[in-house]
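The values are calculated or read from the model by the stated rules, or taken from the named source; none is laboratory data. Predicted model, so just to flag it, every value in this text is computed and none were measured. Cβ: placed from backbone, ideal geometry, glycine included. Neighbour counts: every protein chain shown. For the accessible areas, the whole protein counts, side chains as well, though only heavy atoms, and no ligand, DNA or RNA atoms are used. Shrake-Rupley method; radii C 1.70, N 1.55, O 1.52, S 1.80 Å.
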Amino acid sequence: MGMHQMLGPSFGSSDPDPVDVTRSLRFNSGDSAYLSRTPSSVGNRRTWTWSGWVKRTTIGAGSPRMFGNYYGGGYQGWDIAFSSSDKIDIHYDTGGGNYIFRRVTTQVFRDPSAWYHIVVAVDTTDATANNRVKLYVNGEQISAFDTNNNAAQDTDTNINTAIEHRIGYNYTYSDFYLANIQFIDGEALQPSKFGVLNDDNVWVPAEYSDSYGTNGFYLQFNS
């Protein structure tokens, strides 16, 4: 893994709380490297948010995994990933393709020069099925999906449990840059908590200043 400078347009004076992100972490699948953490206690399994900036380095191959966990055999676990067809695939698999929840975008993401800001906001307590998992890219909610299987109300995900959580690997290794990764335990948040449109109408990082909850974290890759 190596560092890579994340270059963005300058912020206008009217932008609320912008943050200058100058570092990212590069993942090369050939290195078999990834980040992992096992929470020491159980957090909120029904409500949480993952936010991160992603720049792809390999298109049309593999299944780069931005965040998830894995346990036992049969590929059991949660995933936020790119599919081999370059779509965003979010799912919770209890083993052998038994999906408690799955969404695969219609849109493809094939620009290796672009930074994508991806936010996944989960709240399985929501009475509206389509609102239980929301996906945003560069500040806009994604609503077109090739696969759209909703979780049942009040489903407990295995995120925020005392099993290994991973970035960059979940039975396959990844090729991409990741920057400014944040996980919020206990809240399903809008992307405006993490990004803002600058004076050039470009979506750029903004400072998050609220609580991270029990198992939340912020990865800046500054050292």
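Out of contact with any strand residue (DSSP E or B) (no Cβ under 7 Å at 6 or more places or on another chain) and either at pLDDT 95 or above or open to solvent by less than 20 Å² (accessible area, probe 1.4 Å) (or both): which single residue out of Asp79, Asp86 fits that description? Don't jump to the end; show me each part of the working.
Details: Asp79 fails: out of contact with any strand residue (DSSP E or B) (no Cβ under 7 Å at 6 or more places or on another chain).
Result of the check over Asp79, Asp86: Asp86.
Within the range 37-54, can you find the residues that are open to solvent by 40 Å² or more (accessible area, probe 1.4 Å) and of a type outside the set (Val, Ile, Thr)? Give the steps one after another, and end with the answer.
To start, the set of residues in the range 37-54 that are open to solvent by 40 Å² or more (accessible area, probe 1.4 Å) comprises 37-38, 40-42, 44-46.
Once the filter is applied, which keeps residues that are open to solvent by 40 Å² or more (accessible area, probe 1.4 Å) and of a type outside the set (Val, Ile, Thr), the range 37-54 yields Arg37, Ser40, Ser41, Asn44, Arg45, Arg46.
Please find, among Asp93, Asp146, Asp156, the residue that is acidic (Asp, Glu), open to solvent by 60 Å² or more (accessible area, probe 1.4 Å) and modelled with pLDDT under 95. Before you say what the answer is, go through the steps one by one.
Values: Asp93 fails: open to solvent by 60 Å² or more (accessible area, probe 1.4 Å); Asp146 fails: modelled with pLDDT under 95.
Unique residue meeting the criteria: Asp156.
Would you check which residues across the range 173-197 are more than 21 Å from Lys134 (Cβ to Cβ), in contact with a Pro (Cβ under 8 Å, 6 or more places away or on another chain) and open to solvent by 10 Å² or more (accessible area, probe 1.4 Å) and list them?
Listed by number, the list holds a single entry, Asp175.
Look through the range 27-53, keep the residues that are in a strand (DSSP E or B) and hydrophobic (A, V, I, L, M, F, W, C), and return whichever of them is farthest from Tyr177 (Cα to Cα).
Initial filter on the range 27-53 (in a strand (DSSP E or B)): 27, 35-37, 47-53.
Checking the rest, the ones that are also hydrophobic (A, V, I, L, M, F, W, C) come to 27, 35, 48, 50, 53.
Details: Phe27: 6, Leu35: 13, Trp48: 23, Trp50: 16, Trp53: 8 Å.
Top of the filtered list is Trp48.
Yes or no: Gln141 under 25 Å from Gln153 (Cβ atoms) and at pLDDT 95 or above?
The answer is yes for Gln141.
Would you mind stating whether Ser223 is open to solvent by 20 Å² or more (accessible area, probe 1.4 Å), at pLDDT below 95 and assigned to a loop (DSSP other than H, G, I, E, B)? Break it down into steps so the answer makes sense when it comes.
Working: open to solvent by 20 Å² or more (accessible area, probe 1.4 Å): yes; at pLDDT below 95: yes; assigned to a loop (DSSP other than H, G, I, E, B): yes.
Yes: the conditions hold for Ser223.
Pick out the one residue from Tyr171, Tyr177 that is closer than 24 Å to Asp86 by Cβ and in a loop (DSSP other than H, G, I, E, B). Before the answer, list the steps.
Details: Tyr177 fails: in a loop (DSSP other than H, G, I, E, B).
Testing whether each residue is closer than 24 Å to Asp86 by Cβ and in a loop (DSSP other than H, G, I, E, B) leaves just Tyr171.
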